[in-house]
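First, the structure itself, so that you have it in front of you.
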Amino acid sequence: MFDLSNTRDLLLHGGQLELGFQRLHHADVERIFKKLGKEPPPEKIQPPRKCRRLNQSLSLESEVIRYASTDCSVWRINLGCNNLGDKVTEHLHLLPETVTDLDVSACVLHTPGIGNICKFMSSNKTVVRLIMWGNNINDDGAVHISDMLKQNDTLKELVVFNNHIGIDNNGLIKADPLTTKGKVCIADALRYNSTLQMIAIDCPRLQNYKAPFLDPSLGLALPRFDPEVGKAFRTALEESKTAIESIQIGDIVDDPNFNQWETTLQKCESLHSLGSECNAVRANRKVMRWRAINALKCRQLTREGNVDEFISTVTTAAQYGVIDVVYFLVRNNVGVIK
């Protein structure tokens, strides 16, 4: 049984249960979920002082329930970077209904585990952010994700980049992303989803780091952008009523059809982030114009005709020197100005 012998900064910080890098076993996770979701907290518990060290003899589950009873409800659970395996996904039905953010990154999940998560998420109505980077997601796993996105109507953020993490022959950390087939399968699901706002299937920041210094936020070495994937996402976004605001599907500036993203930005008025802020993106004025228009929700503002919002948005655009947005708003809101 796992305990907190040498762990001080573990949980709960404003409802966030941080269990990453704790060498957890799937049985530990099962006990935690049961304590949080099934059993009422004990009565008359003295809240711990901020400077008091955690009791060295307390087990993990007793410490969880002690903190849960003195803090707020758990809304985020991070299980990342624990060798949990697919077995842990069999306990998802015990997940407290208060949880809206679930992180199972680098938990050695394979197709059965990904399938269990997607089956759970297909009917889940509370989790809005799901992080699964660094697992073993193959084409079959991509099919599970695609089916889940077609059914789920509450998830807003999905991260599945950097799969099959390992060490190459030169001692550098490597990651094999989803195949083109898998990415296209996920892209197709966006035609049927109207709630997802952010999806990340490849990280555009290309870097190599000597093991074991792995910072997931920095990304890993990935192959060049596949134009077939770009086309699949553009088509799906243009032909659906999507809520997508941000996509990370690789180093998008390498797309030989990069200029066609202008059309996608025009047709998908919620989309404003293409996952890259490099000079090549900024140099494309047409793309940047529509990104700014979408980011400030100019077309929605035009439809609603709210004078106060119009003045606020024009002021913001002028303050940041986005003249194209000011021109768009003035030109399309003549009635509001009068």
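The values are calculated or read from the model by the stated rules, or taken from the named source; none is laboratory data. In this text, all values refer to a predicted model and were calculated from it rather than measured experimentally. Neighbour counts are summed over all protein chains in view; Cβ atoms, including those assigned to glycine, are modelled from backbone coordinates with ideal geometry. Remember, those area values only see protein heavy atoms, side chains included, never the ligands or the DNA or RNA. Shrake-Rupley method; radii C 1.70, N 1.55, O 1.52, S 1.80 Å.
Where residues in region 264-279 are open to solvent by 60 Å² or more (accessible area, probe 1.4 Å) and over 21 Å from the mean Cα position of the chain (by Cα), which of them is nearest to Asp226 (Cα to Cα)?
Asn279
Moving on. So, in region 176-205, of the ones that are within 18 Å of the chain's Cα centre (by Cα), over 23 Å from Lys125 (Cβ atoms) and in a loop (DSSP other than H, G, I, E, B), which residue ends up modelled with the highest pLDDT?
Only one residue tops the list, namely Leu178.
Is there a residue in region 126-137 that is within 21 Å of Arg191 (Cα to Cα), in contact with a helix residue (DSSP H, G or I) (Cβ under 6 Å, 6 or more places away or on another chain) and not hydrophobic (A, V, I, L, M, F, W, C)?
no
Mind counting the residues in region 106-133 that are within 22 Å of Gln22 (Cβ to Cβ) and either in contact with a Pro (Cβ under 7 Å, 6 or more places away or on another chain) or open to solvent by 20 Å² or more (accessible area, probe 1.4 Å) (or both)?
Qualifying residue count for the region: 6.
Tell me yes or no: at least one residue of region 168-175 is at pLDDT below 95 and basic (Lys, Arg).
The answer is yes, given that some residue of region 168-175 is at pLDDT below 95 and basic (Lys, Arg).
Which residues, counting only those in region 298-338, are at negative phi, part of a loop (DSSP other than H, G, I, E, B) and not aliphatic (A, V, I, L, M)?
Selection gives Asn306, Tyr320, Asn333, Lys338.
How about region 280-290: which of its residues are touching an Asp or Glu at 6+ places or on another chain (Cβ under 7 Å), open to solvent by 70 Å² or more (accessible area, probe 1.4 Å) and of a type in the set (A, V, I, L, M, F, W, C)?
Residues satisfying the conditions do not exist here.
Within region 291-313, can you find the residues that are open to solvent by 30 Å² or more (accessible area, probe 1.4 Å) and of a type outside the set (D, E, K, R)?
Ala295, Leu296, Gln300, Thr302, Gly305, Asn306, Val307, Ile311, Ser312
Taking Gly141 and the conditions (1) surrounded by 16 or more Cβ atoms within 10 Å (Cβ to Cβ); (2) at pLDDT below 80, which numbered condition does it fall short on, given that it satisfies the others?
Status for Gly141: all satisfied but (2).
Next question. State all residues of region 74-98 that are modelled with pLDDT of 95 or more, surrounded by fewer than 22 Cβ atoms within 10 Å (Cβ to Cβ) and hydrophobic (A, V, I, L, M, F, W, C); if no residue qualifies, say none.
Within region 74-98, just Leu92 meets the criteria.
Filter the helices (runs of 4 or more DSSP H) completely within region 223-291 down to those with at least 3 residues that are modelled with pLDDT of 95 or more.
Hits in region 223-291: 227-238, 261-267.
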